[in-house]
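Beneath this line is the structure, given in structure tokens, with notes to follow.
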Amino acid sequence: MPLKKTLPIFEADLGALISAGALLLLICFLRVKDLVLPGALSLVLGFGGAGFCLYKRRPDIFLSCVIAYVPFSKILRGEEELSQFTILFNAALVAAAGLLYVLTRSSGEEPGEPESFSLKPQARTLVMALLVFLAFQLVSILHHLPYGPDYLRQAFVHWVGGWGTPALLFLILCFAVRDTRDFKTLAMAAAAGAFAAALLGLHEYFDIGNVGDFDRGRVLSIAQEPNMSASFFCFAVFLFAAFILQHWRKPAYWAWLIPIGIALRVITVTYSRGAYLALAAGCAAVAFFRSRILFLVMAGAAIFVLLNPSLLPETVRSRFQMTFEHHGAADVTLDRSSEDRIHVWRGALRVIQAYPWEGAGYDLFETRVIPFWAGTVRFNGHNLFLMVTAELGVPALLVFLFLLSRFLGAGMRALSSPDPFARTVALGFVSGAVAFVAANMFSASFAWQEVSVYFWLGAGLVTRLQGDSAPAAIPQKNTGPKSASEFLKEER
């Protein structure tokens, strides 16, 4: 059934979006006022909301609110790093969202839905690859039990926070999205959450002001770490851009320039060189997948800018110039940050040579790399792929690369969907995924759930498009709450 040609918000579930929007307004209010959300109140709101949605048989409202909340879970608790409570609380929220769908749909009170659901072989292969990769991590944790109970507890909690919870969200999305309304509601909830994060990042930038110092002037944003937050926005900005590129003939869609501009400004003031390069990779990808002519035009523009670097924003240009320190006419060295990264990358390669098959142990990179590099302190690997290989071994890296390739393949197949909104989400995911993967060449933001959650959401949505009954082919429900466009049509 063809979809109505309206703005996507009018085809989504308005009740779920209003609920997620109200939660985002509360989050923004708390952050602007520098208020911290107590743990007890978090429990009451979270599980009270789950109980209410179960009573109303509206799991979509709860899932939309969880999607809106997770990126802000760290800053709402006033934490520099996710605490054990926040990690387990977020995992419980995601698990509760999945349980709500099971309880609601198993009761048989939703007659408009299919009775069974299965994934096509391509999507089943993707899910199996994900489960195999997670198994590599869990086996590695168990293999290093001699490190003691403290290691077991810390490694398991970090696994739940970094990989387990986002992967669970991905699996829930694969089976929870049953129609176009679900698909659009969750995608728009993620876009609203990313926009709220960008607004808070801009507020932080204005709050910091011109301090005249690079380190103190960096925006920390949702991850409380500039490089990681920049990775989040490198993915989100292409979700915004996809709406304009897919609907550039419709003036209303040009309003997406507002979140695009804000997100780009936040990326700029994180002063993350890796994010700048990742953003360039994402721009090349979005142009390539949208139009070959656009790609050629952008490639020509990029070459022109490289030949004339003065055209770059001053912030970006000066940040790249800081990479090199000039000590004389012919004496040029790398800055300390870049030099340390190169040294730790070499150390990571030595760890891989020492433990090529089984790896040095999950969550043990910073400890095991110390003897292999010039540094004497714990130092993050600043490269997800080297860290995965060093901790889990070469076979795990191959599985992870296969998983990423399947994600991109699912997104590329969705680019040919008959549904314009599905193509929009697919374009945003594929180009954002390229940028996010590029950012992980200089960080390990995949393992930070508040940063990677929308990547996994996008992956779940495009994977769902591979189902036997893809959302673009399922008619809208004839029962349950009406969308705004249906309500307006009836009123006419």
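Once the Cα atoms of helix 149-159 and of the chain are each reduced to a long axis, what angle between those two axes, in degrees from 0 to 90 to the nearest 10, is obtained? For 149-159 against the chain, the angle is about 60 degrees.
To the nearest 10 square angstrom, what accessible area does Cys28 show with a 1.4 Å probe? About 30 Å², ignoring ligands and nucleic acids. Only protein heavy atoms count here; under a 1.4 Å probe, Thr367 has an accessible surface of about 60 Å². Protein heavy-atom surface of the range 289-422, 1.4 angstrom probe: 66% of the accessible area is carbon and sulfur, with nucleic acids and ligands not counted.
Looking at the range 317-357, the chymotrypsin sites (Phe, Trp or Tyr not before Pro) that sit in a DSSP loop and have at most 10 other Cβ atoms within 10 Å of their own Cβ are Trp357. Maximal additional length on extending the Arg57-Ile208 stretch stands at 49.9 nm, based on 0.36 nm per residue less the C-alpha distance. Taking amide H as placed 1.01 Å from N in the peptide plane, Leu334 has its amide H under 5 Å from the amide H of Glu325, each at least 5 places away in sequence or on another chain. Loop-located trypsin sites (Lys or Arg not before Pro) in the range 332-438 (DSSP state other than H, G, I, E, B) with a sparse environment of at most 14 neighbouring Cβ atoms within 10 Å: Arg378.
Once the 1.4 Å probe is applied to the protein heavy atoms, the chain comes out at 45 Å² accessible per residue.
The HN-Hα couplings worked out from phi for the range 136-141 by the Karplus form 6.51 cos²θ - 1.76 cosθ + 1.60 (θ = phi - 60°) are 4, 5, 5, 5, 5, 4 Hz, whole numbers, x standing for Gly and Pro. Kirkwood hydrodynamic radius computed over the range 298-431 comes to 18.4 Å, based on all pairs of distinct alpha carbons.
As a check on your grasp of the helix formula, calculate [θ] at 222 nm for the chain: sum -39500 (n - 2.57) over DSSP H runs of n ≥ 4, divide by the residue count, round to the nearest 500. The helix contribution divided over the chain gives -21500 deg cm²/dmol.
Rounded to the nearest Hz, the phi-derived 3J(HN,Hα) couplings of the range 25-33 under the Karplus curve 6.51 cos²θ - 1.76 cosθ + 1.60 (θ = phi - 60°) are 5, 5, 4, 4, 4, 4, 6, 5, 8, where x marks glycine and proline.
With angles folded into 0 to 90 degrees, how steeply does helix 420-439 sit against the dominant principal axis of the chain? Use alpha carbons for both and round to 10. Taking Cα atoms only, the helix is inclined about 20 degrees.
Relative to the dominant Cα principal axis of the chain, helix 449-464 is inclined by about 50°. In this calculation the C-beta distance from Leu26 to Leu103 is compared with R0 = 30 Å, giving a FRET efficiency of 0.65. Heavy-atom accessible area for Lys250, with the other protein chains in place and a 1.4 Å probe, reaches approximately 90 Å².
Give the Debye-formula value of log10 I(q)/I(0) at each listed q (0.14, 0.20, 0.21 Å⁻¹), with one equal scatterer per alpha carbon of the range 123-215, two decimals each. Taken in order of the listed q values, log10 I(q)/I(0) reads -0.82, -0.98, -1.01. Ignoring the sites themselves, the chain has its longest run without GluC sites (Glu not before Pro) in a DSSP loop having at most 11 other Cβ atoms within 10 Å at 116-492. Each residue of the range 227-243 is assigned a 3J(HN,Hα), and the resulting list reads 5, 5, 4, 4, 4, 4, 6, 4, 6, 5, 4, 7, 5, 5, 5, 4, 5 Hz, derived from the Karplus form 6.51 cos²θ - 1.76 cosθ + 1.60 (θ = phi - 60°), x at Gly and Pro.
Charging the Cβ of each Asp and Glu at -1 and of each Lys and Arg at +1, and nothing else, the dipole of the range 276-386 about its Cα centre rounds to 340 debye.
Here's the picture: charge each Lys and Arg Cβ at +1 and each Asp and Glu Cβ at -1 in the chain, and of Ser140, Gly409, Thr315 the one pushed furthest to the positive end of that dipole is Gly409. Among the lysines of the chain, pairs that are 8 or more positions apart or on different chains and have alpha carbons within less than 23 Å of each other number 22. According to the Cα-based calculation, Rg over Rh for the range 302-365 is 1.20, with Rh computed by the Kirkwood formula. With a cut-off of at most 16 other beta carbons within 10 Å, and DSSP calling the residue loop, which chymotrypsin sites (Phe, Trp or Tyr not before Pro) in the range 118-183 qualify? Please list them. Those that pass, being in a loop and sparsely packed, number zero.
Measuring spread by the Cα atoms of the range 237-351 yields a radius of gyration and Dmax of 17.9, 55 Å. Pairs of Cα atoms in the range 354-409 fall into 5 Å distance bins, from 0 up to the last occupied one, in shares of 4, 21, 26, 21, 13, 8, 5, 1, 0 percent.
Evaluated at q = 0.11, 0.17 Å⁻¹, a Debye calculation over the C-alpha positions of the range 374-464 (equal weights, vacuum) places log10 I(q)/I(0) at -0.36, -0.75.
The values are calculated or read from the model by the stated rules, or taken from the named source; none is laboratory data. Bear in mind that the values here come from a model prediction, so they are computed numbers and not experimental data. Here Cβ is always computed from backbone atoms with ideal geometry, including for glycine, and neighbour counts include all displayed protein chains. Ligands, DNA and RNA are excluded from the accessible area calculation, which covers all protein heavy atoms including side chains. Shrake-Rupley method; radii C 1.70, N 1.55, O 1.52, S 1.80 Å.
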